Amino acid sequence: MKRKFITNLILLLFLNLLVKPFWILGIDRTVQNLVGDEHYGLYFALFNFSLILNILLDVGITNYNNRNIARHNQLLKKHLSNLVGLKLMLAVVYAFISLLVAGIIGYSKVQFHLLIFLIFNQFLVSFILYLRSNISGLHMFRTDSIISVLDRTLMIIICSILLFTEGLREQFTINWFVYAQSVAYLLSAIITFIVVMKRSGRIKVRINYQFCLVFLKKSYPYAILILLMALYNRIDSVMLERMLGGSAGKEQAGIYAQAFRLLDAVSMLGLLFAGLLLPIFAKMIKQKESIGQMVKLSYTLLIVPAIIIAVSSLYYDHEIMNLLYTSNTEISADLLGILMVGFIGVATTYIFGTLLTANGSLKQLNLMALAGMVLNISLNLILIPEYQAFGSAYASLSTQLFTGAAQLVLAINIFRLKPQVTYIAQILLFVMVVIVLAHVTKYLDNWVYGYFLMIGGSVLSAFLLKLFSIKDMMKLILSGNG
């Protein structure tokens, strides 16, 4: 299992690091610089609004299906026949409730127009993720890795034509950005469906109400978890835009988006780990295999870059933001440092939350997520009126560290994991070394050299402290055993 995890992680990281940074920093960032913080802030708040409610599209189906198919491959055709129909039915429910809530909170005609396309996009994203849950559940990780970057690759091609073609660039609007995403998602959904159909054979799409009710009964705890986590992860910008109101609300949401975009980008690293680990953990738990070494390996591989990213963002926040953006960088730079420290909590969540999900520990996870949601919304309500975007940043930081720590404690208690004192000491020593490196390199004349020297020195330190071992990695990759 460790060999399968490492080899497929390498492929997944390679493909995603090839495509997604270019999308985030080359396309998404360029769009914000071109249309301005206010227009992008409007889109960003609406996007997060559509994302919060998109649990109505899934109600936990994807996570439950991934875990179930990983354990029982033979159920693919039966599930596919029934769940495609259920997904279409849920899409109607999601669209209706989203538009109803949008009307209640007072969105304008312009906002409604964008929201309709964002709702369509969320349906396509949810459908693609459901289809991919079958692919990864069958342990077809290489195929899933390629599909994971398909939509972004298509978006890059479409948006590059619109953004970098003379004549089109001058006419570019935030609406075009949303339309381009719709086309890319639609093509990706069609291709992914064809791939799954080749494995399952011909199916007859139907809505079996008894099957749907049984499946929803089993999957609803996952739905509650995803909804609660979406609320504490995504509600910041919505509350900023609604509470401050007018152009000030849109601008603050746009400034917040500058920093949050980078947190969102590095969080994709954790999402890749979770996508691979969920079916692996589920199978190991079912077969009663020891999960201690796999947990340690995966956590180390994610927490080391998380620490480096957090510390480097604190020390080089202004340099990074001035390089990427053209407006309000003094504010967004300070926001970046705050948000990125929270990535340590996000990384912890992706490993231990995935382990608990694979185990079916949904009651404990939902109580944790409920506490995280209450904490996040309460802090936003208190801090936004006075501190604006900074209030949301501190609310996010507090929530991510709290929820990460809670899931770590839960996993230790449920699985009776025994953290080694030497391992904890290695991690703490590594944090201190990274901080010292950041502090020293900050004084170099050229910040770019200093930044990369700090990153390189930190990676080297991880090997010297024996957090990583090239010899052990190569043994895993070249061995024939899991």
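The values are calculated or read from the model by the stated rules, or taken from the named source; none is laboratory data. This is a predicted model, so every value here is computed, not measured. Here Cβ is always computed from backbone atoms with ideal geometry, including for glycine, and neighbour counts include all displayed protein chains. We work out accessible area using only protein heavy atoms, side chains counted, and drop any ligands, DNA or RNA first. Shrake-Rupley method; radii C 1.70, N 1.55, O 1.52, S 1.80 Å.
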Checklist line | Selected residue (only one of Tyr209, Tyr220 is more than 24 Å from Ala369 (Cβ to Cβ), open to solvent by 70 Å² or more (accessible area, probe 1.4 Å), aromatic (Phe, Trp, Tyr) and out of contact with any helix residue (DSSP H, G or I) (no Cβ under 6 Å at 6 or more places or on another chain)) | finding: Tyr209
Item checked: Among (1) farther than 20 Å from Gly275 by Cα; (2) modelled with pLDDT of 90 or more; (3) open to solvent by 40 Å² or more (accessible area, probe 1.4 Å) - the single one Leu335 does not satisfy -> (3)
Notebook entry, point to check: Would it be correct to say that Tyr94 is modelled with pLDDT under 90 and within 20 Å of Leu57 (Cβ to Cβ)?
Noted result: no
Margin query: Condition first: farther than 16 Å from Gly353 by Cα and open to solvent by 60 Å² or more (accessible area, probe 1.4 Å). Now tell me which residues in the stretch 391-428 satisfy that.
Written below: Tyr394, Lys418, Pro419, Gln420, Val421, Thr422, Ile424, Leu428
Item checked: Residues located in the stretch 318-358, provided they are more than 14 Å from Leu262 (Cα to Cα), within 21 Å of the chain's Cα centre (by Cα) and not hydrophobic (A, V, I, L, M, F, W, C) -> Gly345, Thr348, Thr349, Tyr350, Gly353, Thr354, Thr357
Check: Among Leu362, Leu314, Leu297, which is open to solvent by less than 40 Å² (accessible area, probe 1.4 Å), among the aliphatic types (A, V, I, L, M) and closer than 30 Å to Ser469 by Cα?
Finding: Leu297
